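The values are calculated or read from the model by the stated rules, or taken from the named source; none is laboratory data. Since we're looking at a predicted model, the values are computed, not measured. Because the Cβ atoms are built from the backbone with ideal geometry, glycine has one as well, and the counts that use them run over all protein chains shown. To get the accessible areas, we keep the full protein, side chains included, count just its heavy atoms, and leave off ligands, DNA and RNA. Shrake-Rupley method; radii C 1.70, N 1.55, O 1.52, S 1.80 Å.
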Amino acid sequence: MNDWPLWEVFIRSKAGLHHRHVGSLHASDEAMALENARDVYCRRMEGVSIWIVKSEEIVANNPENSEALFDPAENKIYRHPTFYDLPDNLKHM
Amino acid sequence: MENSMADKFQQKIDDDIRIEPRDWMPEAYRKTLIRQISQHAHSEIVGMLPEGNWITRAPNLRRKVALLAKVQDEAGHGLYLYSACETLGVSRDELINQLHTGKAKYSSIFNYPTITWADIGTIGWLVDGAAIMNQVPLCRCSYGPYARAMVKVCKEESFHQRQGFEILLTLSKGTEAQRQMLQDSVNRWWWPSMMMFGPNDADSPHSAQSMAWKIKRFSNDELRQRFVDMCVDQAKILNVTLPDPDLKWNEERGHYDYGPIDWDEFWNVVKGNGPCNRDRIETRVNAYEKGAWVREAASAYAEKQASKKAIQVA
Ligand SMILES: [Fe+2]
Ligand SMILES: [Fe+2]
């Protein structure tokens, strides 16, 4: 089974929601990956749509550099609504 | 360097920040998790065998579809757990090889035979019941993929326990022979179920480290006590006696006291001398070897489709 690629499975649980990562599985090809994803991750109507992606094709940041990567967002509190000083009697804002 | 990484790691654990696959972790943490998660995965897969034994002989269609669905769930649990384990850098083939060669263990409860239909009910009630006790705290385990797998498993387990209890409830309202079958089954499964929580705390040397790493949240004896307290009341509904003469309410502790566990039996089964150890592994190896042609055919088909696609593109 080692030579079977690993696939990541994403399920949309109902219309209107994002697909969400639920796990992974090995399969020889796309068709088998989809069918197995249905059998393993949707036995109780957990989904209305399945995405599968070969794990090796996912591009991810290196967690060791995540501090530097996310650093630019850290000190920009003016991006949040609470940064702005407004009187209490101002309503609907 | 190594030291400061270790400190940082422990700090994350203490702050209840989950560890994810590509995060730095001590080698011992990785090894402990691989051992525990793979044992757990193997238990789900081997656990399908004693129950699979009764699928063709379930007393009616309702029982048969429920049992089929339950055994299929256990296969799913095995897959969630193997997947979680693989995120730690071990391959599926290696894990399966460890099971087949006896290098890896699985829960020794599955080395007992299912000789009557009542055993299917008792497994659901006691074995799944004990498994749930163990698994619910694992949903908060420090390793993200393991915790997430356990959330999915726990959602499905409650159906297992209820279908088992319903089987027993029906027997308890049946003929004298059916009530006897129920009592006999509980007599055989009670102590092995109690052993599912592992050795007493005093004899469980790795527990302290696992607690510090928040892999484990409660000790073996704590979980076992909860199990006893839960089962005593449930047994009353079934009109069945738990086979422990020392079982009695302790007002002071607010818990039931229970008798000593036969650890010689436990270790004997762990070492491979239970009633079904050899048979279980043989069945697994057989299934794997006899399925080889299916895996090969699937690989050949996938290759052919891929090369057809490549030609079309060119
Ligand atoms: Fe399970
Ligand atoms: Fe189960």
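List of remarks:
- Candidates B:A84, B:A58 - the one that is hydrophobic (A, V, I, L, M, F, W, C) and within 16 Å of ligand 1 (Cβ to nearest atom): B:A84
- Among (1) in a loop (DSSP other than H, G, I, E, B); (2) surrounded by fewer than 19 Cβ atoms within 10 Å (Cβ to Cβ); (3) within 15 Å of ligand 2 (Cβ to nearest atom), the one test that B:K105 misses: (3)
- Conditions (1) within 16 Å of ligand 2 (Cβ to nearest atom); (2) basic (K, R); (3) free of Cβ contacts under 8 Å to residues at least 12 places away in the same chain; number of the one not met by B:K70: (3)
- The residue that is farthest from B:W24 (Cα to Cα), counting only those in segment A:49-84 that are within 14 Å of chain B (Cβ to nearest Cβ) and in contact with a helix residue (DSSP H, G or I) (Cβ under 7 Å, 6 or more places away or on another chain), is A:I52.
- Taken together, B:R57, B:R62 contain a single residue that is over 17 Å from the mean Cα position of the chain (by Cα) and in a helix (DSSP H, G or I), which is B:R62.
- Those residues of segment A:23-70 which are in contact (Cβ under 8 Å) with a residue 40 or more places away in the chain, assigned to a helix (DSSP H, G or I) and either in contact with a Cys (Cβ under 9 Å, 6 or more places away or on another chain) or open to solvent by less than 80 Å² (accessible area, probe 1.4 Å) (or both), in sequence order: A:S55
- The residue list B:R92, B:R57 contains one member that is away from ligand 2 (no atom under 16 Å from the Cβ) and more than 14 Å from every other protein chain (Cβ to nearest Cβ), which is B:R57.
- Within the span defined as segment B:123-133, every residue fails to be among the β-branched types (V, I, T) and assigned to a loop (DSSP other than H, G, I, E, B).
- Meets criteria (part of a helix (DSSP H, G or I), more than 16 Å from ligand 1 (Cβ to nearest atom) and more than 14 Å from every other protein chain (Cβ to nearest Cβ)) for B:E166: yes
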